[in-house]
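One structure is given below, encoded as structure tokens.
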Amino acid sequence: MSFASQMRRLLHLPRTLRSRLFLILFAGLAAAHVLSFAVLFYERTMSAKATMYTTLENDVATSIALLDRLPPQERPQWLSMLDRRTYRYEIGTGLPGVPELSPRAAEIAQAINVAAGGRFPVKVESIPGKREHLQAHVTLNDGSPVTIDVLPALMPLATWLPYLLAAQLALLVLCTWLAVQLAIKPLQRFANAAEALDPSRKAVRLEETGPAEVAYAASAFNAMRDRIAHYLQERVQILAAISHDLQTPITRMKLRAEMAEESPEKHRLINDLSEIERLVREGVAYAKSAHGDTEKPTRIDIASFVESIAFDYQDTGKAVAVPRTIPGVVVTRPHALRRILSNLIDNALKFAGEAEIQVDRAADGKLRIAVLDSGPGIPADQLDAVLQPFYRVEQSRSRDTGGTGLGLAIAQQLSVAIGGSLHLANRPGGGLAAEVTLG
């Protein structure tokens with residue numbers, strides 16, 4: 001991997017928008033904070049340096065003049081009183097040094113020369129060592145050598161300054177986090193509303209509050225949901241109208257066909273008309289299944305409910321058994337649940353000739369109703385596709401086992417409408433397991 005690729009990988013932005021916004025805002029504000037502090041520190045340094053040089057000039061000029069006027073035997077007594085934080089005076093030639101000076105040392109040397117005023121010869125040297133160290137050698141009028149020992153240093157930082165900087169950084173992080181939360185919260189609301197979008201249900205409308213842009217977007221989202229709900233309602237009305245309009249001519253055609261003379265064509269025509277009639281009826285049922293939540297939820301005993309469905313099939317000679325069930329009461333929409341289980345049982349009877357119903361609870365405590373059969377099952381790559389309307393697997397295209405391709409789609413849509421879910425899976429020993437989870 002090249003160096004450029006490694007750098008791009010290291011500098012890659014996080015995946016979440018929250019992290020990206022926080023990183024960008026914090027980086028920008030922190031950079032501005034550091035820049036402001038650097039400018040302030042630079043200005044403080046320059047101000048302190050100018051003050052130090054001015055003080056140095058005045059103090060050195062006074063001190064040298066004072067030492068020059070004092071008798072030689074009294075000069076040592078005054079040295080301690082002339083000492084300062086960054087420089088002090090010594091009687092003597094001092095330490096050996098080198099003439100090379102740093103830029104700051106040269107500025108200090110110039111300040112000392114200006115302070116001497118040309119009356120006293122001054123020689124400034126740098127003393128080798130870890131810390132910058134200067135010595136200015138001055139010769140008084142009587143020939144006595146005086147050394148000014150200088151240890152340059154800036155004004156010390158206040159002890160509270162690091163705490164102030166830490167508090168500012170914490171405030172910066174807090175403000176950045178609050179700004180990101182305010183920016184992301186409307187997006188989370190929109191994402192949750194879009195994920196839970198179901199125009200067929202009477203869901204709570206998205207609040208049209210907040211900043212003007214957010215309120216406008218929420219209003220547009222609510223208007224979009226209302227339009228979708230209106231289109232779904234129109235679909236049901238159109239299909240119902242088509243069904244009503246087609247029922248009469250189909251019935252007349254079947255009557256005329258039944259009154260015709262016996263022939264193979266007569267039976268094929270009646271079968272075709274029956275298939276058309278069933279297709280229209282199932283299409284309307286699928287359209288209406290989107291509004292399965294219009295039924296009022298009621299409490300039902302799930303064991304009795306499932307057994308009653310099985311008994312209805314047994315009364316017509318169908319092999320439907322309930323080998324395992326559990327007692328319990330569930331709040332659901334019974335007519336929609338009956339239609340779901342009936343479609344699943346019909347599908348099992350169509351391909352296997354028999355069906356089993358099992359009722360138990362899943363690991364998360366939700367009620368689970370499974371319709372099992374021992375038929376050919378469904379190819380694994382088509383388990384999701386068969387839940388779409390008008391989709392039929394290859395082996396179901398014959399007239400004997402074929403259908404409209406809406407049975408499982410209606411079951412799936414009704415399961416969602418009553419707050420449940422439908423899952424299809426092939427059984428290890430062969431056959432299909434259709435599980436409806438409630439709650």
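The values are calculated or read from the model by the stated rules, or taken from the named source; none is laboratory data. Values in this document were obtained by computation on a predicted structure and should not be read as measured data. Reconstructed Cβ throughout: ideal geometry from the backbone, glycine too, with neighbour counts over all protein chains shown. These area figures cover heavy atoms from the full protein model, side chains too; ligands, DNA and RNA do not enter into them. Shrake-Rupley method; radii C 1.70, N 1.55, O 1.52, S 1.80 Å.
May I ask you to compute the full-extension gain from M81 to A106, defined as 0.36 nm times their residue separation minus their alpha-carbon distance, rounded to one decimal in nm?
Numbers: separation 25, 0.36 × 25 = 9.00 nm, distance 2.64 nm.
Length gained, M81 through A106: 6.4 nm.
Express as a percent, rounded to the nearest 5, the fraction of DSSP beta bridges in region 316-391 (both residues included) that run antiparallel.
Values: 6 of 10 bridges.
Antiparallel: roughly 60 percent of the beta bridges in region 316-391.
Expressed as an acute angle from 0 to 90° and rounded to the nearest 10, what is the orientation of the C-alpha long axis of helix 103-116 relative to the principal long axis of the chain?
Computed tilt is about 30 degrees.
Pop out the carbon and sulfur fraction of the accessible area of region 74-131 as a percent, whole number, probe 1.4 Å. Could the numbers behind the result be given before it?
Details: 2090 of 3720 Å².
The value for region 74-131 is 56 percent carbon and sulfur by accessible area.
Which of rounded, prolate, oblate describes region 63-106, given a ≥ b ≥ c as roots of the alpha-carbon gyration tensor eigenvalues and a/c under 1.5 marking rounded, otherwise prolate only if a/b is larger than b/c?
Details: a/c = 2.51, a/b = 1.93, b/c = 1.30.
Prolate, because a/c is 1.5 or more and a/b exceeds b/c.
What shape does region 15-70 have by the C-alpha gyration tensor, where a ≥ b ≥ c are the square roots of the eigenvalues, rounded means a/c under 1.5, and otherwise prolate means a/b greater than b/c and oblate the rest?
On the way: a/c = 13.38, a/b = 8.03, b/c = 1.67.
In terms of gyration-tensor shape, prolate.
What is the chain by shape, rounded, prolate or oblate, if you read a ≥ b ≥ c off the alpha carbon gyration tensor as root eigenvalues and call it rounded for a/c under 1.5, prolate for a/b larger than b/c, and oblate otherwise? Provide the component values of the computation, followed by the final result.
Working: a/c = 4.89, a/b = 4.33, b/c = 1.13.
Prolate.
Under a plain spin-label model, where a point goes 7 Å from the Cα along Cα-to-Cβ, how far apart in nm are F190 and L40?
Spacing of the two 7 Å Cα→Cβ label points: 3.8 nm.
Near K266, which lysines are there with a Cα under 16 Å away, not counting those fewer than 8 places off in the same chain?
By straight Cα distance, K266 reaches K254.
Highest GNM mean-square fluctuation, the chain, Cα pairs closer than 10 Å: which of H244, H137, H423?
H137
Please compute the modelled spin-label separation between N271 and S144, points set 7 Å along Cα→Cβ, answer in nm with one decimal.
Inter-label distance under the simple model: 13.6 nm.
Which of the lysines could be linked to K296 by a straight reach, that is with a Cα gap under 29 Å, when you skip same-chain ones fewer than 8 residues away?
K202, K288, K366
Please calculate how many Å² of accessible area region 45-152 carries per residue, with a 1.4 Å probe and no DNA, RNA or ligand atoms counted.
Working: 5820 Å² over 108 residues.
With all protein chains present, region 45-152 gives 54 Å² per residue.
Under a plain spin-label model, where a point goes 7 Å from the Cα along Cα-to-Cβ, how far apart in nm are L151 and M259?
In this crude spin-label approximation the distance works out to 12.6 nm.
When the chain is fully extended, how far beyond the present Cα-Cα distance does L279 get from L172, taking 0.36 nm per residue of separation?
Values: separation 107, 0.36 × 107 = 38.52 nm, distance 6.56 nm.
Gain on extension, L279 to L172, equals 32.0 nm.
Which length gain, in nm to one decimal place, applies between Q247 and V114 when the Cα-Cα distance is subtracted from 0.36 nm times their residue separation?
Working: separation 133, 0.36 × 133 = 47.88 nm, distance 11.58 nm.
Extra length from Q247 to V114 when fully extended: 36.3 nm.
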